[in-house]
Amino acid sequence: MKLVDWLRFRFATLFQRSRMNVEIEEELRAHIQHRADDLERSGLGRAEAERRARIEFGGQEKFKEECREAAGGTFVETLIQDVRFSFRVLRKSPGFAIVAVLTLALAIGANAVVFAVLNALILHPQYVPRAESLYGIEHGSDKDAVESYPDYLDLRDHNRSFQGLAAYSIAQAGLETGESPSRIWVEEVSGNYFDVLGIQPYVGRFFHGADELGANSAPYVVLTYAYWHSHFQDDRGVAGRIVQVNKHPFTIVGVAPPEFRGTLMFFNPDFFMPIVDQEQVDGQNLLNTRGRRWIFMVMGHLKPEVTPAQAIADLNSIGSYLEKTYPQDDGQMTFALARPGLLGDYLGLPVRAFMTGLVLLAGLILLAACANLGSLFAARAADRSREVALRLALGSSGTRILRQLFTEAVMISLMGGAVGLAGSVVLLRGLSVWQPLPQFPINVPVNPDANVYGLALLLSLASGFLFGTVPMRQILRTDPYAVIKWGSSARVGRRITARDLLLGVQIAICAVLVTSSMVAVRGLARSLHSNFGFEPQNAMLVDTDLSMAGYRDDGVPAMQRRMIDAVETIPGVKSVGLVGQYPPTALVWNISIVFTDETADLRPSNAAASPVIYSISPEYFHAASTALLAGRDLTWHDDKKGPRVAVINQEFARKIFGSVANAMGRYYKRRDGTRIQVVGVVEDGKYTPNLAEDPQQAMFLPILQSPSSETWMVVRSNLDPQQLTTAIKGKLRDLDAGLPSFIQTWNKQMDTALFAPRVATVSLGVLGMMGAMLSITGIFGMAAYTVSKRLRELGIRMALGAQRKEVLQAALGRPLKLLALGSVAGLLLGILAARVLAFIVYQATPRDPLVLAGVLIAMLLLGLLATWIPAQRALAIDPATLLREE
Amino acid sequence: MNDQAQLLPGTLDLLILRAVSLGPRHGYGILLCIGQISGNTLLIEQGALYPGLFRLVRQGLLKASWGTSENNRRAKFYELTAAGRRRLREETESWNRLAAAIASALSQQPEEI
């Protein structure tokens with residue numbers, strides 16, 4: 001029978017139930033009437049005849065029930081009966097029910113969350129028409145997609161494989177819509193961007209390739225739906241309005257559709273503007289410098305007849321032409337194709353690897369949960385063997401009993417699934433609106449959809465069936481006579497079973513996770529107080545970009561001097577320094593290659609080092625508390641007229657000049673051939689957000705010699721941050737009310753650097769909790785099973801004078817031995833794993849008495865929690881009752 | 001009562017099919033018919049007949065329809081389907097073989113072995 005037919009039949013019988021009952025009743029009544037007719041004919045009175053007929057017929061209700069069953073209309077009724085019975089049974093052992101439901105809730109919830117994230121990041125297609133033929137171009141050599149603008153133009157104009165190639169980059173800009181300026185995120189896109197992607201405007205129009213007529217020629221912006229919604233209140237008349245972007249007039253031409261948030265998945269820009277206008281936002285014209293790779297990604301739809309392999313060959317031939325023509329700027333130019341959503345393989349590879357790991361892990365958690373619940377169920381089935389035997393003896397069929405047990409298992413799994421799903425929905429909602437780094441519009445929308453609900457339901461049913469089958473063999477083997485006569489069999493296997501092994505592995509994994517999370521927590525706590533090469537304590541960062549307020553060329557350093565002077569006058573401020581890039585450990589850092597003084601051929605492959613580069617004001621080292629090891633600090637006299645100088649860090653000195661002493665007064669070359677003299681050396685520090693990195697080289701150039709309109713002021717002071725913020729704001733407003741700025745403590749800014757270790761710590765903690773939960777159910781299940789199987793034996797031992805200790809040993813020896821073995825193995829593995837952890841969490845080390853003690857205490861508590869109920873039960877055995885009844 | 005024999009498990013269905021094969025009957029009629037054709041030697045619990053009837057209908061061996069009985073009462077009449085007729089033939093043959101084998105086994109005298 002096909003499923004549909006079957007269902008229809010079942011439903012039909014359900015709704016015809018009352019009709020069928022009436023029919024059965026009528027038929028039986030007819031039988032009795034006919035019989036009474038016969039009896040009446042033999043001389044009885046009508047009333048007496050009917051009474052006799054009813055007696056002869058036997059138990060009407062019983063036969064009616066049998067008729068209904070024979071007619072096959074009882075599936076749904078039986079189900080309802082089973083569900084009601086299961087509810088009663090579960091209500092009688094709430095501890096078991098809660099443990100089982102919680103375990104499943106955790107396991108299914110974890111799977112739902114992981115699947116939802118997978119769905120959002122990898123399975124869910126991007127909102128771009130014909131997304132399947134959209135490819136981004138990345139470099140084959142370093143899995144990196146960045147491109148310079150001239151290279152992009154060559155790729156766009158000379159390829160024969162793409163219908164069109166678009167490019168985008170990300171920048172921050174100051175936007176004035178009439179009120180005071182605000183800092184917003186903008187995607188600088190090529191003119192053909194929307195046409196290449198095939199996106200239609202939601203309001204107004206988009207700009208096109210034909211609008212690009214050289215640098216700063218297309219003053220148009222397209223708003224994203226979210227920004228339009230929140231800042232323009234869905235005003236459809238917005239098209240045509242003039243706004244100021246970094247004090248340059250731009251016209252809003254349209255609004256992008258709500259589903260389209262740019263092609264980079266995590267990033268939500270506020271608006272799109274033509275890439276040819278980038279100078280007005282970035283402060284310098286990058287359209288003609290082939291050596292500066294600042295375009296995030298170049299992408300386009302493949303022509304229908306072109307295969308990816310052909311496209312790569314086509315791109316590579318352009319690449320080899322570029323290599324030959326521009327050896328100074330373009331190193332190896334080979335290409336590969338990748339999906340644009342996660343910047344190709346740059347983010348895609350780690351994200352995919354991470355997600356694969358998570359999916360596997362979640363699956364394993366669910367399997368382990370099912371195995372543990374299976375043994376819990378087996379323990380219960382053993383406890384209920386007398387009840388089952390009684391029901392069998394009273395004429396219930398084996399299938400009927402199995403069906404009821406199955407109903408119980410599926411009910412538990414469905415409840416677990418529901419609780420887990422509810423939890424995961426809350427978690428996913430939170431995750432969707434979560435902006436991990438407050439300064440960046442980064443966010444991953446992972447709202448649960450029908451797929452997620454479907455998966456949770458499927459997993460619940462599957463796991464219910466999975467652990468429901470474990471006690472099945474046990475039930476089927478039950479011989480009612482034997483059980484009632486002798487009680488349940490007391491054989492306990494002495495061999496090591498697969499179940500033992502599974503539990504041991506679970507405990508070991510749990511111990512690994514507990515160890516790792518403790519190592520991570522301790523490492524994190526320590527890294528908050530380690531030496532970064534600067535002191536984030538008592539320092540304030542003021543983030544501004546002078547180009548947003550229209551400062552150009554010589555106006556920039558002049559304004560920077562005025563800002564420093566103004567803030568220095570605030571009472572309580574000790575020193576004020578400037579840095580022209582994101583300060584150390586921010587999400588963004590700049591690297592520039594350098595050459596030894598002797599190098600004549602300045603092609604990238606001859607570079608001697610690639611230090612992180614900063615342009616700083618004289619007081620910067622003081623304000624940041626970076627120690628000067630040799631030579632002098634930079635001064636305001638290191639300006640355009642003076643000789644080019646730099647302060648480098650220890651690592652740079654060691655790498656290029658051999659030692660700090662050796663580096664003083666020596667020269668090195670920058671990419672454009674400028675010779676730079678080393679006048680000072682500072683201590684090493686942390687520059688990228690990866691605090692666990694090896695020491696990196698860094699060079700600090702005088703801000704007057706390499707100017708930057710981007711300006712971060714470092715203000716060192718013991719003042720209260722709130723008070724200081726107000727004071728700085730006031731000073732800056734006095735200087736220029738139109739300059740947008742963002743003020744926070746350096747400690748707060750450090751959150752970026754601590755983001756990865758924090759996430760690692762929290763995830764390890766969550767996984768550790770899950771591992772602990774699983775271990776508890778596993779140990780609980782095994783201990784409960786052992787106790788109920790050996791109840792009679794334990795009773796006899798007690799009757800013969802065994803002490804409590806001996807009883808406990810007999811009852812719980814096995815699970816406790818597993819716990820001890822698993823914990824030790826896990827602890828050892830955890831210590832090994834801590835080395836891996838040290839790549840993410842700075843200063844993570846397992847050689848820490850606190851960690852070791854913590855792990856031991858955690859595992860002990862876990863064992864105590866898991867064996868408490870079975871131990872109580874074993875101790876509560878009353879030999880007299882037991883021997884009388886079992 | 002002593003001359004009545006207990007029914008062997010599984011034989012009720014066969015008896016019902018046989019009774020219905022003699023013409024459409026209602027439940028009580030089938031019971032009477034079985035009594036008649038077995039010489040009133042088989043003991044059948046009256047109510048136990050009905051689950052058997054429902055089972056046979058569900059298996060497609062019988063079909064049922066409402067009608068009026070000779071006593072002028074509304075009753076459900078059963079008749080054989082083609083499958084029911086086929087089943088009756090098969091069951092009869094296998095029963096006869098079994099009965100003959102049992103009878104032969106029980107009638108053997110010690111000296112004949």
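Quick notes
- Between helix A:75-92 and chain A: long-axis angle, C-alpha atoms, 0 to 90°, nearest 10: 80 degrees
- Taken about its Cα centre, the protein assembly as shown carries a charge dipole of roughly 4140 debye when the Cβ of each Lys and Arg holds +1 and the Cβ of each Asp and Glu holds -1.
- One chain, two ends: A:Glu305 and A:Ser180. Fully extended at 0.36 nm per residue, the span grows by 39.8 nm beyond their Cα-Cα distance.
- Extension gain, A:His124 to A:Val22, is 31.3 nm, computed as 0.36 nm per intervening residue step minus the present C-alpha separation.
- Sites A:Ile857 and B:Ser21, calculated FRET efficiency, Cβ-Cβ separation with R0 60 Å, nearest 0.05: 0.15
- Computed label-point distance, nm, for sites B:Ser94 and A:Thr334 using a 7 Å Cα→Cβ extension: 7.4 nm
- Taking the C-alpha atoms only, the angle from helix A:804-837 to the longest principal axis of chain A is near 20 degrees.
- 5 angstrom amide H check on A:Phe260, placed H, neighbours 5+ away: none
- Magnitude of the charge dipole for the range A:131-340, about its Cα centre and with charges confined to Cβ atoms of Lys, Arg (+1) and Asp, Glu (-1), is about 140 debye.
- Burial order of peptide ranges A:541-552, A:762-773 (average beta-carbon count within 10 Å, highest first): A:541-552, A:762-773
- Prolate/oblate/rounded call for the range A:207-364, Cα gyration tensor, a/c under 1.5 rounded: oblate
- Considering only the protein assembly as shown, percent of DSSP beta bridges that pair antiparallel, nearest 5: 80 percent
- Shape class for the protein assembly as shown: prolate, because the ratio a/c of the largest to smallest gyration tensor axis (alpha-carbon atoms, square roots of eigenvalues) is 1.5 or more and a/b beats b/c.
- With a cut-off of 20 Å on the backbone N, the residues of the range A:604-620 near the modelled label site 7 Å out from A:Trp636 along Cα-Cβ are A:615-620.
- Farthest toward positive dipole pole in the protein assembly as shown [+1 Lys/Arg, -1 Asp/Glu at C-beta], among A:Leu578, A:Ala866, A:Tyr193: A:Ala866
- B:Ala103-A:Arg403 FRET efficiency (beta carbon distance; Förster radius 56 Å; 0.05 resolution): 0.85
- Lys, Arg +1 and Asp, Glu -1 on Cβ, resulting dipole of chain B about Cα centre, debye, nearest 20: 820 debye
- In summary, the aspartates and glutamates within cross-link reach of A:Lys92, defined as a Cα separation below 16 angstrom excluding same-chain residues under 8 places away, comprise A:Asp82, A:Asp383, A:Glu387, A:Glu408.
- Cα lying deepest toward the dipole's positive end in chain A, options A:Tyr149, A:Ala171, A:Cys67, charges on Cβ: A:Cys67
- Label-to-label distance, nm, for residues given as A:Glu598 and A:Arg46 (7 Å Cα→Cβ offset): 13.1 nm
- Separation of alpha-carbon centers, the range A:58-108 and the range A:136-209, rounded to whole Å: 62 Å
- Taking the longest Cα principal axis of chain A as reference, the axis of helix A:345-383 is set at about 20 degrees.
- Inter-label distance, nm, simple model (7 Å from Cα along the C-beta direction), A:His229/A:Val836: 4.0 nm
- Among the listed pairs A:Lys789/A:Lys817; A:Lys324/A:Lys655; A:Lys143/A:Lys686, those beyond 21 Å (Cα-Cα): A:Lys324/A:Lys655; A:Lys143/A:Lys686
- Inter-chain Cβ neighbour average for residues A:23-30, partner chain, 10 Å: 5
- Too-long pairs where the Cα-Cα distance tops 24 Å, listed order kept, from A:Lys247/A:Lys748; A:Lys64/B:Lys76; A:Lys574/A:Lys640: A:Lys247/A:Lys748; A:Lys574/A:Lys640
- Between the alpha-carbon centres of the range A:330-404 and the range A:511-558 there is a gap of 40 Å.
- For the range A:679-716 versus the range A:800-866, the inter-centroid distance based on Cα atoms is 45 Å.
- The range A:822-886: chymotrypsin sites (Phe, Trp or Tyr not before Pro) in DSSP loop, at most 13 other beta carbons within 10 Å: A:Phe839
- At an R0 of 22 angstrom, the distance between the Cβ atoms of A:Ala525 and A:Ser763 translates into a FRET efficiency of 0.80.
- Ranking A:Leu376, A:Ala105, A:Thr569 by how far each Cα lies toward the positive end of the dipole of chain A (charges on Cβ) leaves A:Leu376 at the top.
- Straight-line cross-link reach from A:Lys669 at under 13 Å between alpha-carbon atoms covers these aspartates and glutamates, not counting any fewer than eight positions away in the same chain: A:Asp597, A:Glu598, A:Asp601.
- Peptide-level mean, for A:59-70, of C-beta atoms on other protein chains within 10 Å: 4
- Shielding by partners for peptide B:60-70, expressed as the average number of C-beta atoms from other protein chains within 10 Å of each residue's C-beta, is 1.
Quick note: the coordinates plus some simple rules give every number you see, no bench work behind them. Treat the numbers as computed from the prediction; the structure is a model and nothing was measured. Glycine gets a Cβ as well: all are built from the backbone with ideal geometry, and neighbour counts include every protein chain shown.
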